[in-house]
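For reference, the structure discussed in these notes is given below.
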Amino acid sequence: MNFNQLDLTSPLCRALADTGYSSTTLIQSKAIPPILDGKDVLGCARTGTGKTGAFAIPILQKLQNSKKSTSIRTLVLTPTRELAIQVDQSFKVYAKYLPLRSLAIYGGVPQNKQVSVLKKGVDILVATPGRLMDLMQQGFINLSALKILVLDEADRMLDMGFVNDIKRILKQVPKQRQTLLFSATMPKEIRAFSHSIMKQPVEITVAPVSSPAKTVEQSVYFVENKEKDNVLFHLLKTTPLDRSLIFTRTKHRADKLVKKLNKIGINAAAIHGNKSQNARQRALENFKCSNISILVATDIASRGIDIDDAATR
């Protein structure tokens, strides 16, 4: 389906054209119409299928068509700082020709700049639960005028133990609202939670949860733990790629692997929860710009981070 078949406003269509997007992904074609109709939506689609656009595009259209306000009208909750930044960037790209303001707030950095923008007024707030609750308690954020609530990568948020924070936040938002929940998987706990906070949601599942994207080639090597590094180094040398993303189970393992890679002349950096936000963003940007060829990460980067043409190991 083309975006121009969705009756989007001219400013949105212009912004989408500027990005080079003309056709919707499957999750977008199925989710955008009911969101525009004001219905709650429960969407399940694997990472990399355009879930952010599926909720960001119709939200911008709805805000554009509603009465102008200085209050926060949309809240998007995300599990990680990196995803919050990326979702906010997507809103800014799609709202290029709209008089709408978005802001990402997250921990790990001083709050002063975030508070300064909040005081000027924002339409869309993208937040990690911890920093949101902190600024709410300080009186910098009021969600009483909220119209739309989005839980992005909801299964990841519950896995990371945010369920109690989310419940506290829900007490601060109007009961009369539109709720959108998007997730890469749909375990029983997520489904039960969604039905406790949503009203007759439209349920959308666009692909088998366990299936890889068509562009993904997979292979598995069974090796002894002590041989993992040697096998990895062999793969990196025999199948050279511009960029590779390597996941490790622990933060210590990520740092240790980066040191080994740098020692053999491979430029690498690590991102994980013990790194400062500035260090994590710098590593991501260097990786996206190909200033480093290897990014070693814990599961902090396993969801929603958009990196073109990267191999995952």
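The values are calculated or read from the model by the stated rules, or taken from the named source; none is laboratory data. Nothing here was measured: the structure is a model prediction, and the numbers come from that model. Methodologically, a virtual Cβ is constructed for each residue, glycine included, from the backbone with ideal geometry; neighbour enumeration extends over all protein chains shown. Heavy atoms of the whole protein, side chains included, go into the accessibility calculation; ligands, DNA and RNA do not. Shrake-Rupley method; radii C 1.70, N 1.55, O 1.52, S 1.80 Å.
Listed values, structure above:
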| read-out | value |
| --- | --- |
| For the range 41-175, with +1 on Lys and Arg beta carbons and -1 on Asp and Glu, the positive-most of Pro79, Leu149, Gly48 along the dipole | Leu149 |
| Nonlocal amide H pairs with Phe247, under 5 Å, H built at 1.01 Å | Ala297, Arg313 |
| For the range 153-202, alpha-carbon Rg and Dmax in angstrom | 10.7, 28 |
| Normalised alpha carbon radius of gyration of the range 67-194 [divisor 2.2 N^0.38 Å] | 1.01 |
| Rounded FRET efficiency, nearest 0.05, which uses the C-beta distance separating Met1 from Lys175 and R0 of 41 Å | 0.75 |
| Debye log10 I(q)/I(0) at q = 0.30 Å⁻¹ for the range 19-81, Cα point scatterers | -1.39 |
| Cα-derived Rg over Rh, computed across the range 60-113 with Rh taken as Kirkwood radius | 0.98 |
| Size descriptor, Kirkwood hydrodynamic radius, that averages inverse alpha-carbon separations across the range 11-50, Å | 11.4 Å |
| Computed over the range 246-302, Kirkwood Rh from alpha-carbon pairs, angstrom | 11.0 Å |
| Gain on full stretching of the segment that runs from Lys119 to Met160 - 0.36 nm per residue minus C-alpha separation | 11.8 nm |
| Entries of Lys67/Lys96; Lys39/Lys175; Lys92/Lys167; Lys96/Lys120; Lys92/Lys113 with Cα pairs more than 24 Å apart | Lys92/Lys167 |
| Helix-derived mean residue ellipticity, 222 nm - over the chain, DSSP H n ≥ 4, -39500 (n - 2.57), to 500 | -12500 deg cm²/dmol |
| Rg ratio (alpha-carbon, reference 2.2 N^0.38 Å) - the range 34-131 | 1.07 |
| Point-to-point label distance, Asp37-Asp134, nm (Cα→Cβ direction, 7 Å offset) | 4.1 nm |
| Stretchable slack from Lys260 to Asn274, in nm (0.36 nm times residue separation minus alpha-carbon distance) | 3.1 nm |
| ³J(HN,Hα), Karplus 6.51/-1.76/1.60, whole Hz, each residue of the range 149-156, x for Gly, Pro | 10, 10, 10, 9, 6, 4, 5, 5 |
| Contour excess over end-to-end distance, with Cα ends at Ser22 and Gln200 and 0.36 nm allotted per residue | 61.0 nm |
| Derived scalar couplings ³J(HN,Hα) [the range 257-263; Karplus, 6.51 cos²θ - 1.76 cosθ + 1.60; whole Hz; x for Gly, Pro] | 5, 4, 4, 5, 5, 4, 5 |
| Accessible area per residue in Å² at 1.4 Å probe, computed on the chain | 51 Å² |
| Label-zone membership for the range 155-173, site Ala145, 7 angstrom Cα→C-beta point, backbone N under 16 Å | 173 |
| Sulfur and carbon atoms: percent of accessible area, the chain [1.4 Å] | 49 percent |
| Nearest-10 value in Å² for the accessible area of Asp134, using the 1.4 Å probe | 60 Å² |
| Value of Rg to Rh for the range 237-279 (Rh from inverse mean 1/r over Cα pairs, i.e. Kirkwood) | 0.98 |
| DSSP-defined beta bridges in the chain - what % are antiparallel, rounded to 5 | 5 percent |
| Cut-off under 5 Å, modelled amide H: who pairs with Glu203 long-range | Leu42 |
| Residues of type aspartates and glutamates that Lys147 reaches as a straight line, Cα spacing below 15 Å, ignoring anything fewer than 8 places off in the same chain | Asp37, Asp40, Asp123 |
| In Hz, Karplus ³J(HN,Hα) per residue of the range 192-204 (6.51, -1.76, 1.60; θ = phi - 60°; x = Gly, Pro) | 5, 5, 4, 6, 7, 10, 10, 10, 6, x, 6, 9, 10 |
| Quarter of the Cα convex hull surface for the chain, i.e. its orientation-mean projected area (nm²) | 16.7 nm² |
